[in-house]
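As C-alpha cells, the structure follows; a few thoughts come after it.
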C-alpha cells in the first residue's frame, strides 16, 4: 500500500510538471498512468501479450493486452474487464482512427452498416488527435460498455456489448488483419 501511495504521488508530481517534462519521461508517465488505471479496473491484471503493428515496414503502434484471471473468451466477452493499450509510433487524427476502426469492422462483417456508422461517429466524438508516444486504451467492461483512455486519463465510453465485441475483434478476431499481432496479444499471460 505504501509503495502504491509513493507511486501515485510521483505520478501526480510528474503530471503537474514539477519533475520537468521530457519526451522520454512523458512516455514513461503515460505508460505508468495506463497501468495504474488498468490495475484500478482489473486488480488482478496480467499482461497477456504484446505486439507491434507495422504496415509496409512502417511502425504504426505497439499493443498490449491486459486480462484478468479468466482471460478473454473466443467470442470476446468475459465476466471480467480486459484492456487493450496502443502506444502510437506516429501522429494520427482522431477522426482517421475512428474511420479506420469502422472500416476494419466492415471488413470483418461486424455489426450492420448503420451500426458501424453510428460507432464511427461516437468514436470520432471522443477520440482526440494522437501524437507519437501517446497511448490510446480501450477497456472492455462486462457491464456492457467500453471505456476509452488517452495517456491513462478517461476520454469517454461507448455503450453496448455488440460494439465492444466488434471493437476488440479488430485485434483479437481469428481473421484480424494482423494475425501476428493477434497471436502475440493472446500469448501466455504473466503477472504485471
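Things worth noting here:
- Single residue of the stretch 171-192 satisfying the filter (touching a strand residue (DSSP E or B) at 6+ places or on another chain (Cβ under 9 Å) and part of a helix (DSSP H, G or I)) that is nearest to residue 104 (Cα to Cα): 171
- Any hit, the stretch 96-105, residues being surrounded by 15 or more Cβ atoms within 10 Å (Cβ to Cβ), in a helix (DSSP H, G or I) and under 13 Å from the mean Cα position of the chain (by Cα): yes
Here is a yes/no grid of residues against (1) assigned to a loop (DSSP other than H, G, I, E, B); (2) surrounded by fewer than 17 Cβ atoms within 10 Å (Cβ to Cβ); (3) in contact (Cβ under 8 Å) with a residue 12 or more places away in the chain:
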| position | (1), (2), (3) |
| --- | --- |
| 79 | yes, yes, yes |
| 132 | yes, yes, yes |
| 139 | no, no, yes |
| 155 | no, yes, yes |
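- Filter result for residue 109 (in contact with a strand residue (DSSP E or B) (Cβ under 7 Å, 6 or more places away or on another chain), more than 16 Å from residue 84 (Cα to Cα) and loosely packed, with under 15 Cβ neighbours inside 10 Å): no
- Picking from residues in the stretch 141-153 that are in contact (Cβ under 8 Å) with a residue 60 or more places away in the chain and either in a strand (DSSP E or B) or farther than 10 Å from residue 85 by Cα (or both), the one that is farthest from the chain's Cα centre (by Cα) is 142.
Here, each number is a calculation from the coordinates, and none is a lab measurement. Small disclaimer: the values here were computed from a predicted structure and weren't measured. Glycine gets a Cβ as well: all are built from the backbone with ideal geometry, and neighbour counts include every protein chain shown.
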